Amino acid sequence: MSDPKNGQLLRFAIDYSKCLFCALCTEPCPTECIHMGKLHDLSSYTREDVVVEFAEIDKQGLRTPIPLWMEKNADRIPWVKEEYDRVKAGKLATRAGDIAPVK
């Protein structure tokens with residue numbers, strides 16, 4: 001949603017309950033603000049929580065929401081800690097071809 005007077009972006013939200021994770025929106029995005037990552041489980045307790053307001057997470061210095069499971073397990077599971085740190089740092093995920101095989 002943008003302000004009709006000056007074109008300023010007021011709201012940018014994605015409802016993940018409707019997203020198919022097909023990545024069709026990533027190619028035409030001119031700023032790479034829409035990107036695919038390795039986080040596909042954005043489970044929530046309410047319907048409102050699956051709507052991510054990207055303008056709000058940008059104010060926190062994030063490009064991707066931090067899922068509940070990641071917050072709860074970052075201290076216990078090494079690879080989750082690594083992902084948590086990556087997301088907090090605002091770094092994009094590796095491309096699918098760059099992901100090392102699971103041992």
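No lab work stands behind these numbers, since they all come straight from the coordinates. Keep in mind the model is a prediction, meaning the values are calculated, not measured. All Cβ positions, glycine included, derive from the backbone under ideal geometry; neighbour counts span all protein chains shown.
Listing for the model above:
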| quantity | calculated |
| --- | --- |
| Backbone HN-Hα couplings from phi across the range 51-56 [Karplus 6.51/-1.76/1.60, Hz, Gly and Pro as x] | 8, 9, 8, 5, 5, 6 |
| Cα-centre dipole for the range 51-96 with unit charges at Cβ (Lys and Arg positive, Asp and Glu negative), debye to 20 | 180 debye |
| Local electrostatic count, Arg47, Cβ distance below 15 Å [Lys/Arg +1, Asp/Glu -1] | -3 |
| Unsatisfied cross-links (Cα-Cα over 25 Å) in the set Lys5/Lys91; Lys59/Lys81; Lys59/Lys91 | Lys5/Lys91 |
| Long-range HN-HN contacts of Val51 with modeled amide H, under 5 Å | Tyr16 |
| Ordering of 81-92, 18-29 by packing [mean C-beta count within 10 Å, highest first] | 81-92, 18-29 |
| Calculated from backbone phi, Karplus (6.51, -1.76, 1.60) coupling profile of the range 57-71 in Hz, x at Gly/Pro | 6, 5, 5, 8, x, 9, 10, 9, x, 9, x, 4, 4, 6, 4 |
